[in-house]
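*Asks:* Here it is: the structure, laid out below.
The values are calculated or read from the model by the stated rules, or taken from the named source; none is laboratory data. All figures in this text were calculated on a predicted structure; none of them were measured in a lab. Every residue, glycine as well, gets a Cβ built from its backbone with ideal geometry; the counts of neighbours run over all protein chains shown. Note: areas computed on protein heavy atoms with side chains; ligands, DNA, RNA excluded. Shrake-Rupley method; radii C 1.70, N 1.55, O 1.52, S 1.80 Å.
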Amino acid sequence: MIQAAVMGYGTIGSGVVEVLEKNREYVAKEAKEEIRVKRVLDLREFPGDPVQDKITHDIADILEDPEIRIVIETMGGTKPAYDFVKRCILAGKSVCTSNKELVAAYGPELQRLARENHCCFLYEASVGGGIPIIRPLAKCLTSDPVRSIKGILNGTTNYILTRMDKEGADFDEVLKAAQALGYAEKNPTADVEGYDACRKIAILTSLVCRKQVNYEDIYTEGISKITAADFVYAKAMGCRIKLIAQSFLQDGCWYALVAPFLVSEESPLYAVQDVFNGILTKGDFNGELMFYGRGAGKEATACAVVADVIDAARHPGHTVNIAWSEEHQEIANIGGARFSWFVRVKDTPGILEEAKKLFGNIQVQEAGLTGECAFVTGPISENDFAAKAEKLSGILTRIRFDQ
Ligand code: HSE
């Protein structure tokens with residue numbers, strides 16, 4: 001019997017306990033031993049809950065219990081998660097986490113400490129919920145370098161954008177409805193401003209480059225400025241608007257960004273709707289690979305955490321090394337990255353002539369809206385676009401095109 005502990009009994013933590021209980025026999029067969037949750041660390045009490053007798057408020061009850069070999073961290077954030085996880089690893093306990101903030105900020109250090117202490121630090125659930133993406137990048141795509149990775153990595157924003165698209169509604173209206181249904185947090189900033197996706201693409205890019213990418217180096221733009229009118233044009237162009245997190249090699253440099261993009265029907269990401277996530281990788285020989293599934297939610301995320309627990313259980317006294325080095329991976333300034341842009345401007349005399357003079361070959365786009373006009377530019381660097389856009393008066397929206 002393997003004894004485990006859960007730190008953080010929220011949505012994911014309680015999901016992990018549920019999966020371990022409901023799939024008890026299957027998990028035991030896979031792990032070659034039964035896995036039991038002995039302790040649950042949380043600030044709250046849970047009267048009437050099956051874990052009520054296991055609740056502790058003191059990390060020492062986990063750290064000082066030699067029977068507990070695996071710790072599941074589902075607290076989120078870095079304080080106190082980083083301190084608690086570090087102390088568990090230093091005590092030789094394997095840690096399995098769903099916490100992308102923790103992995104993005106402290107991944108290589110915790111991975112090294114796990115190696116030094118002959119235990120595991122596993123984090124499959126930190127990106128893409130139930131989608132296996134961490135191990136494929138670390139263990140499978142090793143013969144052909146990944147040149148680009150991009151995806152819809154945030155379920156909340158994808159749900160909001162899908163509803164805006166289907167209902168022709170504005171951002172604020174859909175956000176409120178999503179909050180009422182529990183699909184969006186009361187404080188939605190991390191999701192809607194792209195910070196969650198930013199941590200996730202930092203982790204994926206670190207795995208691809210095998211070096212530490214600082215999430216602070218990643219240009220990040222959210223979806224809160226996207227309007228119903230933008231979707232009218234998107235439809236007219238056969239596109240959808242998606243929050244895309246991506247990194248890619250261009251002219252020998254790695255670029256990374258999170259921003260709303262117009263995605264055409266030809267892209268597999270076009271079909272990724274609601275809370276689903278989709279991730280595309282591209283290699284020279286392997287071509288394009290697509291990973292798709294539930295990127296958020298209790299059950300799917302809990303399944304990924306429990307799979308990590310099973311992996312740790314299968315390797316007592318050993319490190320399952322899913323890691324990148326502590327060396328810094330430079331991310332190039334976004335100013336050099338090239339995209340085509342969709343631009344909406346107030347309709348004033350000569351505005352499209354002015355746009356043509358600035359951007360060269362533009363494609364004028366009609367969508368039946370009055371008082372404004374719109375156009376699409378050719379590929380242009382971010383710096384160049386920003387300088388030219390500043391000279392054009394009355395810009396209403398600017399959105400990059402996925403290519
Ligand atoms: N807030 C995240 C999302 C949860 O909406 O995707 C999963 O990391």
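*Asks:* From 322, 399, which residue is at pLDDT 95 or above and part of a loop (DSSP other than H, G, I, E, B)?
*Replies:* Exactly one residue qualifies, and that residue is 322.
*Asks:* Does the range 162-182 contain any residue that is open to solvent by less than 10 Å² (accessible area, probe 1.4 Å), within 12 Å of the ligand (Cβ to nearest atom), in contact (Cβ under 8 Å) with a residue 12 or more places away in the chain and within 25 Å of residue 95 (Cβ to Cβ)?
*Replies:* The answer is no, given that none of the residues of the range 162-182 is open to solvent by less than 10 Å² (accessible area, probe 1.4 Å), within 12 Å of the ligand (Cβ to nearest atom), in contact (Cβ under 8 Å) with a residue 12 or more places away in the chain and within 25 Å of residue 95 (Cβ to Cβ).
*Asks:* Grab the strands (runs of 3 or more DSSP E) fully contained in the range 1-107, keeping just those with 1 or more residues being under 29 Å from the mean Cα position of the chain (by Cα) and hydroxyl-bearing (Ser, Thr, Tyr).
*Replies:* Hits in the range 1-107: 94-97.
*Asks:* Among the candidates 259, 228, which residue alone is more than 16 Å from the ligand (Cβ to nearest atom), open to solvent by less than 10 Å² (accessible area, probe 1.4 Å), farther than 17 Å from residue 128 by Cβ and among the small types (Gly, Ala, Ser)?
*Replies:* Only one candidate passes the filter, namely 259.
The rows are residues; the columns are (1) in a helix (DSSP H, G or I); (2) within 13 Å of the ligand (Cβ to nearest atom); (3) closer than 23 Å to residue 363 by Cβ.
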{"site": "243", "(1), (2), (3)": "no, yes, no"}
{"site": "249", "(1), (2), (3)": "no, no, no"}
{"site": "263", "(1), (2), (3)": "no, no, yes"}
{"site": "278", "(1), (2), (3)": "no, yes, no"}
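*Asks:* Restricting attention to the range 378-398, and to residues there that are among the aliphatic types (A, V, I, L, M) and farther than 22 Å from residue 332 by Cβ, which single residue is surrounded by the fewest Cβ atoms within 10 Å (Cβ to Cβ)?
*Replies:* Among those residues, the one meeting the criterion is 395.
*Asks:* Oh, and also: Please identify the pairs in which a residue from the range 120-146 that is within 12 Å of the ligand (Cβ to nearest atom) and open to solvent by 20 Å² or more (accessible area, probe 1.4 Å) has its Cβ atom under 9 Å from the Cβ atom of a residue that is small (Gly, Ala, Ser) and in a helix (DSSP H, G or I), counting only partners at least 6 apart or on another chain.
*Replies:* Here the result reads 130/300; 130/302; 130/304, each pair linking the range 120-146 to a residue that is small (Gly, Ala, Ser) and in a helix (DSSP H, G or I).
*Asks:* Another question, if that's okay. Might you let me know whether the range 10-18 holds any residue that is open to solvent by 30 Å² or more (accessible area, probe 1.4 Å), in the same structural domain as residue 82 (by TED's automatic domain parsing) and closer than 19 Å to residue 87 by Cβ?
*Replies:* No, because not a single residue in the range 10-18 is open to solvent by 30 Å² or more (accessible area, probe 1.4 Å), in the same structural domain as residue 82 (by TED's automatic domain parsing) and closer than 19 Å to residue 87 by Cβ.
*Asks:* Would you check if there is a residue in the range 282-298 being of a type outside the set (Ser, Thr, Tyr), open to solvent by less than 70 Å² (accessible area, probe 1.4 Å) and part of a helix (DSSP H, G or I)?
*Replies:* The answer is yes, given that some residue of the range 282-298 is of a type outside the set (Ser, Thr, Tyr), open to solvent by less than 70 Å² (accessible area, probe 1.4 Å) and part of a helix (DSSP H, G or I).
*Asks:* Here is a follow-up. Sort out which residues of the range 345-388 are under 22 Å from residue 244 (Cα atoms) and part of a helix (DSSP H, G or I), and write them in order of number.
*Replies:* Passing the criteria: 382, 383, 384, 385, 386.
*Asks:* Taking the range 280-292, which residues are within 16 Å of the ligand (Cβ to nearest atom) and farther than 19 Å from residue 241 by Cα?
*Replies:* The answer is 291, and nothing else.
*Asks:* Scan the range 64-101 for residues that are open to solvent by less than 20 Å² (accessible area, probe 1.4 Å), in contact with a helix residue (DSSP H, G or I) (Cβ under 7 Å, 6 or more places away or on another chain) and of a type in the set (D, E, K, R) and jot them down.
*Replies:* 73 - this is the single residue of the range 64-101 that is open to solvent by less than 20 Å² (accessible area, probe 1.4 Å), in contact with a helix residue (DSSP H, G or I) (Cβ under 7 Å, 6 or more places away or on another chain) and of a type in the set (D, E, K, R).
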